[in-house]
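Worksheet for the structure shown next.
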Amino acid sequence: MAIKIFIDQGHNPSGYFNSGAEDNGLYESEINFQVGLYLQNLLNSDPRFEARVSRPEPDTVLGTNNTTSLAERVALANSWPADYFISIHCNINPNPAINGTEVYIYQYYTQAQWLAEQIMSGITQVAGTRNNGIRENPSLYVLRNVNMPANLIELGYLSNYSDAEKLRNDQYQFAYGIYLGLMRYFGFA
């Protein structure tokens, strides 16, 4: 039986509510969308996985406000039901020197943490971002409300020139890093 991975491409398309960060000519929602599609394609080309995305089309809008948007993503994962939940995001900071990748989990010493460690290793190895660590944040809505181990990945900082160039030009590398992390977590690589 295939391992079911729900990929949440964080935020709605540009021009809608909850559209995410923007900096250096990049829109978080567009990067999240594309990295999620690449990851879905990688996973669905492997018969051991079945992957679904929250935003199958670039213009898919979830919910009618921030709260219902988050609730709809959680409901899609829980009702499937997915075995694992991966939410893809990009970060921003007023200080352009801040850079790197973070993975947020609901609680330390759980399957979510072991998965996050493998995903972090995959992303930093393949995309070349800095490892800013695995961070516990039980207040994040999607992590708190899904019924399966969940990771919220901040791929890199749109506000940092080096990260922004990677996010602009190497979106497939980020997806492949997440894929590699999943493969290692399950002992397939």
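Coordinate-derived values only; no laboratory data. Quick caveat: nothing in here was measured; it's all calculated off a predicted structure. Don't worry about glycine lacking a Cβ; one is built from the backbone with ideal geometry, like all the others, and counts go over all protein chains shown.
Of note:
- Against the criterion of being among the small types (G, A, S), within 18 Å of G10 (Cα to Cα) and touching an Asp or Glu at 6+ places or on another chain (Cβ under 9 Å), A164 qualifies.
For every residue, the table says whether it meets (1) outside any helix (DSSP H, G or I); (2) touching a residue at least 60 places away in the same chain (Cβ under 8 Å); (3) not charged (D, E, K, R).
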site: L152; (1), (2), (3): yes, yes, yes
site: S162; (1), (2), (3): no, yes, yes
site: K166; (1), (2), (3): no, no, no
site: A175; (1), (2), (3): no, yes, yes
site: Y179; (1), (2), (3): no, yes, yes
site: L182; (1), (2), (3): no, yes, yes
site: G187; (1), (2), (3): yes, no, yes
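- Residue within the range 53-66 that is over 23 Å from I134 (Cα atoms) and of a type in the set (G, A, S) present: yes
Here is a yes/no grid of residues against (1) buried (at least 18 other Cβ atoms within 10 Å of the Cβ); (2) under 26 Å from E72 (Cα atoms):
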| position | (1), (2) |
| --- | --- |
| Y104 | yes, yes |
| Q118 | yes, no |
| Q125 | no, no |
| L143 | yes, yes |
| S162 | no, no |
| K166 | yes, no |
| G177 | yes, no |
| L182 | yes, yes |
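- If you go through the range 8-28 and pick out every residue that is touching a Ser or Thr at 6+ places or on another chain (Cβ under 7 Å) and crowded, with 24+ Cβ neighbours inside 10 Å, you end up with 4.
- Residue ID - nearest to the chain's Cα centre (by Cα), chosen from residues in the range 41-52 that are surrounded by fewer than 21 Cβ atoms within 10 Å (Cβ to Cβ) and not in a loop (DSSP other than H, G, I, E, B): R52
- Only one entry in G133, G156 is buried (at least 18 other Cβ atoms within 10 Å of the Cβ), under 14 Å from V103 (Cα atoms) and small (G, A, S), namely G156.
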